[in-house]
Amino acid sequence: MSKLNQKIALVTGGNSGIGLATAKLFKDEGAKVIITARSNETYEKAKKEYGAHFDIVQADVSKVADLDRLYAHIKDKYGKLDVLFANAGVALFAPTTSIDPDFFDNQFNTNVKGLYFTVQKALPLLAKGSTVVLNASVVSVKGFAGASVYSATKAAVRSFARSWTGEIPVQDVRFNVLSPGPIETPIYSKMGMPAQDLDGFTAHMASTTPIKRFGTADEMAKVALFLASDDSSYIAGAEIFADGGAGQV
């Protein structure tokens, strides 16, 4: 039997990268999948490419009004949620001395505030026995130059899973964290680095990972499915590292 048969699943930021790979796998495993795209441009692109497969909603998770509109749509169309993969996020790297308030707020508004209210506003819709998977990063436990703000946002995500597991009965909702290492996704091209610096950064990341390669979005999707399904029924409040050993040695 499919692992998410007839489940209603929401994947934020599901139009690319890990989110898209996970949305596809959830659908293959029997779920009805809603994905979000942040901008009108990415929404129109996703609608054209994946509209036959997913229910696509334009929503920027850093905007509470967008989240209200998203959940009103889900409530009206489906009446509930069984799985939430809070995946939408941004990653920008810069030295501490060059960071300004806009750089700081951009990441915290999406990765922390956006994720927090994505979950808070989903709670009335989450069915008993539902699962929430939070997408964090190996940087929640490992320091990288230029990643001070990004790392702090992902440490907050990990903290949320602990707090929500202590606050909300596990029988009602299970919260867990997926923390990827370096993964081949479009997010690296959005870091704001010059091309030559980005090439050096990605090469360095791969070389320092014990497995000596980047992971793939499909590999992360398999871990997200494990955490979203009954395969992980005795796991709650945990952080699962899918990082090629990067944060473990």
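The values are calculated or read from the model by the stated rules, or taken from the named source; none is laboratory data. Computed from a prediction, not measured in an experiment: that's the story for all the values here. No Cβ is skipped: glycine too gets one built from the backbone with ideal geometry, and neighbour counts run over all protein chains shown.
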Checklist entry - If the Cβ limit is 6 Å and pairs must be 6+ apart or interchain, which residue in the range 226-249 that is within 17 Å of PRO180 (Cβ to Cβ) pairs with which residue that is among the hydrophobic types (A, V, I, L, M, F, W, C) and in a loop (DSSP other than H, G, I, E, B)? => result GLY244/ILE211; GLY245/ILE211; GLY247/VAL141
Checklist entry - Residues that are within 28 Å of ALA145 (Cα to Cα) and either out of contact with any Ser or Thr (no Cβ under 8 Å at 6 or more places or on another chain) or modelled with pLDDT of 95 or more (or both): which strands (runs of 3 or more DSSP E) entirely in the range 7-106 hold 1 or more of them? => result 81-86
Item to check | Residue check, PHE117 among the hydrophobic types (A, V, I, L, M, F, W, C), touching a helix residue (DSSP H, G or I) at 6+ places or on another chain (Cβ under 7 Å), modelled with pLDDT of 95 or more and under 24 Å from ASN15 (Cβ atoms) | outcome: yes
Next on the checklist: Condition (residue is touching an Asp or Glu at 6+ places or on another chain (Cβ under 9 Å), surrounded by fewer than 22 Cβ atoms within 10 Å (Cβ to Cβ), assigned to a helix (DSSP H, G or I) and modelled with pLDDT under 95) applied to the range 156-167: is it met by at least one residue?
Outcome noted: no
Checklist entry - So ALA122 fits all but one of (1) assigned to a helix (DSSP H, G or I); (2) farther than 22 Å from LEU4 by Cα; what number is the exception? => result (2)
Checklist entry - Listed residues VAL141, VAL157, VAL119; which is farther than 22 Å from VAL83 by Cβ and either out of contact with any Lys or Arg (no Cβ under 9 Å at 6 or more places or on another chain) or touching a residue at least 60 places away in the same chain (Cβ under 8 Å) (or both)? => result VAL141
